[in-house]
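Here the structure comes first, spelled out in structure tokens, and everything after it is commentary.
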Amino acid sequence: MSDILEDDNEISFQVKFLGRVEVVHPDGLQILSEAAQSIKTPDKHSSEKVAKKSKVQLFLSMSGIDILENKTKFLLYSCPLSTISFCAVLPSSPKVFGFVARHPAADMNHCYLFQSKTFSHVLVSVIGDVFRASKKEENIRGGRDLIVEALRHKNKVLQRENAELKRRLAGQTN
């Protein structure tokens, strides 16, 4: 069963965690399908699939997605929104959804897969909405930074002009 709990700054979902798989590309339904297939066929060398099918809490905020083990509240993974490149429902299995995130310290991408009996499409939509809101806020901040930088530059130009005029005025009075 999936629960959606809203807070002022974050949304929480309870879902089944199917696993995390390293993927070659950062986006695409094909990558999601390949990751799901990889999880279905166990690999004895992969430690990533040990915790599969456990219940987890997904905490979604403007800063990222945190995946906590449901019973212990142990943080399994934390994915900043800036690292997430793709999120979708698996077309062949509408209860399964996932997202791809770039590893923050290494040059690799991982696909995180989850199962929700009723909310898969809603969860993907919410993740997309938060991602877009985060990008919009980032662009607004970036736009403000450009305006501040332009004003600083204009201020420096005016200060130089003022200093030159003071120098000329001082030269005329002497």
Worksheet item: Do any residues in the stretch 64-93 that are under 19 Å from A106 (Cα atoms) have Cβ atoms under 6 Å from those of residues that are β-branched (V, I, T), where the two are at least six apart or on different chains, and which pairs are they?
Response: L76/I67; Y77/I67; C79/I65; S85/V100; F86/V100
Worksheet item: Would a scan of the stretch 17-25 turn up a residue that is surrounded by 13 or more Cβ atoms within 10 Å (Cβ to Cβ), modelled with pLDDT under 85 and within 22 Å of S93 (Cβ to Cβ)?
Response: yes
Worksheet entry | Sole residue being modelled with pLDDT under 90, over 25 Å from P91 (Cα atoms), charged (D, E, K, R) and over 18 Å from the mean Cα position of the chain (by Cα), chosen from K73, K52 | K73
Worksheet, complete the sentence: Considering the stretch 74-98, residues that are closer than 17 Å to V56 by Cβ and touching a Ser or Thr at 6+ places or on another chain (Cβ under 6 Å), and then whichever is surrounded by the most Cβ atoms within 10 Å (Cβ to Cβ), we arrive at F97
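The values are calculated or read from the model by the stated rules, or taken from the named source; none is laboratory data. Keep in mind that this is a model prediction, so the values were computed, not measured. Backbone-built Cβ (ideal geometry, glycine too); neighbour counts: all protein chains shown.
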